[in-house]
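Chemist: The following block contains the structure, expressed as structure tokens.
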Amino acid sequence: MILVRNATAKQPCPCGCGQRLDAFEGEAEIRGQRLSFAVQMRDHGEDGRVAWLAVLTGPWLAGDGTDGAWVTLRARVHEGSLQTRTVDPESSPFREVLGPRPLHAISSGDVLARPGARDYFAEMALTLCREPEIYAFLVGRAE
Ligand SMILES: [Zn+2]
């Protein structure tokens, strides 16, 4: 369930193509935990319509010296079904958005290595993709 949703703003595509991406941030709750998130909706080349999701957690490892960690996912609708997967943050458009913050970026390998983490973040991605603007974008009903 999305608890807080900031207004959608345009952000420049980090690749320099000049495209302006719809993006917003907020907070969502799953399994009784409240997590911050950021989303960018990007329709780009062969990738097509992809919602890029950054989910901000507390520290990934106890005492790791960070303010928290962020996990990156991408979501798309392919042949009518929603697909989400955890990806390495370097492949996402979030580097410039979240890079300056004192946060630890979690690789997809880190997520897969922690029991239950992949399912947990997949559930978060599904929660976010039910948000009407994101869903409309993914199925091509935006604009
Ligand atoms: Zn671009």
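None of the figures in this text is laboratory data; all of them are computed from the coordinates on show. On a predicted model such as this, the values are computed, not experimentally measured, just so you know. With ideal geometry, Cβ positions are generated from the backbone for all residues, glycine too; neighbour counts draw on all protein chains shown.
Chemist: Nearest 0.05, what FRET efficiency do Cys13 and Arg114 give at R0 = 35 Å with Cβ-Cβ as r?
Modeler: The computed FRET efficiency comes out at 0.65.
Chemist: While we're looking at this one, here's another question. How many nm separate the modelled label positions at Arg5 and Asp67, each set 7 Å beyond the Cα in the direction of the Cβ?
Modeler: 2.6
Chemist: Indicate, rounded to the nearest 5 percent, the antiparallel portion of the DSSP beta bridges found entirely in the chain.
Modeler: Bridges in the chain that DSSP calls antiparallel: roughly 95 percent.
Chemist: To continue, here is another question. Over segment 1-80, one equal point on each Cα, no solvent: what is log10 I(q)/I(0) by the Debye formula at q = 0.24 Å⁻¹?
Modeler: Reported log10 I(q)/I(0), two decimals: -1.16.
Chemist: Treat the count of other C-beta atoms within 10 Å as a stand-in for reagent exposure and order Leu35, Leu82 from fewest to most.
Modeler: Leu82, Leu35
Chemist: Okay, moving on. On the Cα set of the chain, report Rg and Dmax in Å, please.
Modeler: 14.4, 44
Chemist: Let me ask something else about it. Determine which residues of segment 114-143 fall in the zone a paramagnetic label at His78 would reach in this model, i.e. backbone nitrogen under 20 Å from the point 7 Å along Cα→Cβ.
Modeler: From segment 114-143, the list is 118-130, 135-141.
Chemist: Mark the label point 7 Å from the Cα of Ala122 along Cα→Cβ and return the residues of segment 54-75 whose backbone N is within less than 15 Å of it.
Modeler: Zone members listed by number: 73-75.
Chemist: Output ³J(HN,Hα) for segment 42-49: one whole-Hz value per residue in order, computed from phi by the Karplus curve 6.51 cos²θ - 1.76 cosθ + 1.60 with θ = phi - 60°, and x for Gly and Pro.
Modeler: For segment 42-49, the Karplus-derived couplings read 10, 10, 9, x, 5, 5, x, 7 Hz, x marking Gly and Pro.
Chemist: In the chain, if the dipole is taken from +1 on Lys/Arg beta carbons and -1 on Asp/Glu beta carbons about the Cα centre, which of Pro14, Val77, Pro132 is farthest to the positive end?
Modeler: Pro132
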